[in-house]
1. What ³J(HN,Hα) values, in whole Hz, does the Karplus curve 6.51 cos²θ - 1.76 cosθ + 1.60 give for the range 23-31 when θ = phi - 60°, with x put for Gly and Pro?
2. Going 7 Å from the Cα of Asn114 toward and past its Cβ, which residues in the range 30-54 have a backbone nitrogen under 13 Å from where you end up?
3. Checking the cross-link filter: which lysines have an alpha carbon closer than 19 Å to that of Lys36, excluding same-chain neighbours under 8 positions apart?
4. For an R0 of 25 angstrom, estimate the FRET efficiency from the Cβ-Cβ distance between Glu73 and His142 and round to the nearest 0.05.
5. Based on the alpha carbon coordinates of the range 48-127, what radius of gyration and maximum Cα-Cα distance (Dmax) apply, in Å?
6. Collect residues whose amide H, placed 1.01 Å from N in the peptide plane, falls under 5 Å from the amide H of His133; neighbours closer than 5 in sequence don't count.
7. For the range 94-105, just list the computed ³J(HN,Hα) in residue order, Karplus coefficients 6.51, -1.76 and 1.60, θ = phi - 60°, integers in Hz, with x standing in for Gly and Pro.
Amino acid sequence: MGNLTPEDIQVLHIVAKQEIVAAIPEVGNLWIETDKEGNPTGMIFGKYQPVVFGDSGAAMQMYPESHFQIWKELPNTITKGRDFMEVPRIRICYMKKANEFVLYANSRYLANPNFKNTVLQYLHIGRDRTIRHAEDSIVDEHYPWLGD
């Protein structure tokens, strides 16, 4: 690596720390802009936080604010005058005892591998993790399909 200055070392430390933080899976409430087939079109927004692994804490970890609460805090450049129900949304929780992530979204979105992989990648949830879909009519009703 040659002779590193203190500034070089600090930059390397910051980059390494960002990579470590980026590797920690997160839970949160998100919106994902999609086309009519449910494919992500690039814009993902919402709030999320790192999962705390171990025995302490709640049995289920989720982001504490609701989609409705988060939407009110977002700038108009993102919400574009829309209601929070007009953009596909998803909640991702972590169940400690089962050591699994649970995705709450409309089953039609979760059936789309592009949608699901985008969410998992965005929240640093590796494919080696156990991931379950909370699929039933109540979830589909709460998280409606907005395509077609």
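1. Per residue, the Karplus-derived 3J(HN,Hα) values read 7, 7, x, 10, 10, x, 10, 10, 10 Hz.
2. Answer for this model: 33-43.
3. Result set, ordered by chain and number: Lys80, Lys116.
4. Values: r = 21 Å, r/R0 = 0.83.
So, using R0 = 25 Å, E works out to roughly 0.75.
5. Using the Cα atoms of the range 48-127, the pair Rg, Dmax is 14.2, 43 Å.
6. Leu103
7. Result, rounded to whole Hz: 10, 9, 5, 4, 7, 6, 9, 9, 10, 9, 10, 7.
Any read-out appearing in this document is the output of simple, stated calculations on the displayed coordinates, not a laboratory observation. What you see is a predicted model, and the numbers here were worked out from it, not measured in a lab. We place every Cβ from the backbone using ideal geometry, glycine too, and count neighbours over all the protein chains shown.
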